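Since the structure comes first, as structure tokens, the remarks are kept for the end.
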Amino acid sequence: MKARVGATTVSDWITVTQAMIDAFAEATGDRQFIHVDPVAAAATPFGGTIAHGFLTLSLMPALAASVPDAPMLANVRMGVNYGGDRVRFLTPVRSGSRVRGHFKLLSFVEKQPGRFQQTTEFTVEIEGQEKPALIAEWISQIFV
């Protein structure tokens, strides 16, 4: 993994559906009209409902899992989220949009024997949009 620092992988596309947005609204209690009311949201500059920023961020594991030929570490017991830096929501994701993840490995450091810290730049691309939906640095701990 240390040799892969600087490398970028790209996930498959997934469609962000209104059903996903509605389920996220129910799970989080964030039922703001721009997410769940297509009629009211159509009258906004967004022109329709948009995904929650945190929904877009939460797609990270699913997008990472869909990276073709993703590098895998042997003997991993578990991986855990450690935190995020520089999370920015740049462009709203409209309901029905397709998105994919770009993962750039920024660092991979052994913190203790058998415990590694990985920092990844995570960018969510929206199909047909020049500007990404979000950019974040995500830190994970990996235990082998």
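The values are calculated or read from the model by the stated rules, or taken from the named source; none is laboratory data. Fair warning: this is a prediction, and the values are worked out from it, not measured in the lab. Note that we place each Cβ from the backbone using ideal geometry, even for glycine, and neighbour counts take in every protein chain shown.
Given the criteria over 23 Å from Arg100 (Cα atoms) and out of contact with any helix residue (DSSP H, G or I) (no Cβ under 7 Å at 6 or more places or on another chain), does Pro38 qualify?
Working: over 23 Å from Arg100 (Cα atoms): yes; out of contact with any helix residue (DSSP H, G or I) (no Cβ under 7 Å at 6 or more places or on another chain): yes.
When the stated conditions are applied, Pro38 passes them.
Taking the conditions exactly as written (closer than 22 Å to Gly6 by Cβ, touching a Pro at 6+ places or on another chain (Cβ under 9 Å) and either at pLDDT below 95 or surrounded by 14 or more Cβ atoms within 10 Å (Cβ to Cβ) (or both)), does Leu105 satisfy them or not? When the stated conditions are applied, Leu105 passes them. Residues in region 112-134 that are surrounded by 13 or more Cβ atoms within 10 Å (Cβ to Cβ), of a type in the set (Asp, Glu) and either in contact with an Asp or Glu (Cβ under 9 Å, 6 or more places away or on another chain) or in a loop (DSSP other than H, G, I, E, B) (or both): Glu121 alone.
Provide a single number: the residues in region 35-66 that are aliphatic (A, V, I, L, M) and crowded, with 17+ Cβ neighbours inside 10 Å.
The first filter runs over region 35-66 and keeps only residues aliphatic (A, V, I, L, M), leaving 36, 39-43, 50-51, 55, 57, 59-60, 62-65.
Applying the additional criterion that residues be crowded, with 17+ Cβ neighbours inside 10 Å yields 36, 41, 50-51, 55, 57, 59-60, 63-64.
Residues that pass the stated criteria total 10.
With respect to (1) polar (S, T, N, Q); (2) under 20 Å from Thr8 (Cα atoms); (3) surrounded by 14 or more Cβ atoms within 10 Å (Cβ to Cβ), the lone exception for Asn81 is condition (3).
Taken over region 1-58, the criterion of being within 14 Å of the chain's Cα centre (by Cα) and assigned to a loop (DSSP other than H, G, I, E, B) is satisfied by Ser11, Asp12, Trp13, Val16, Ala51, His52.
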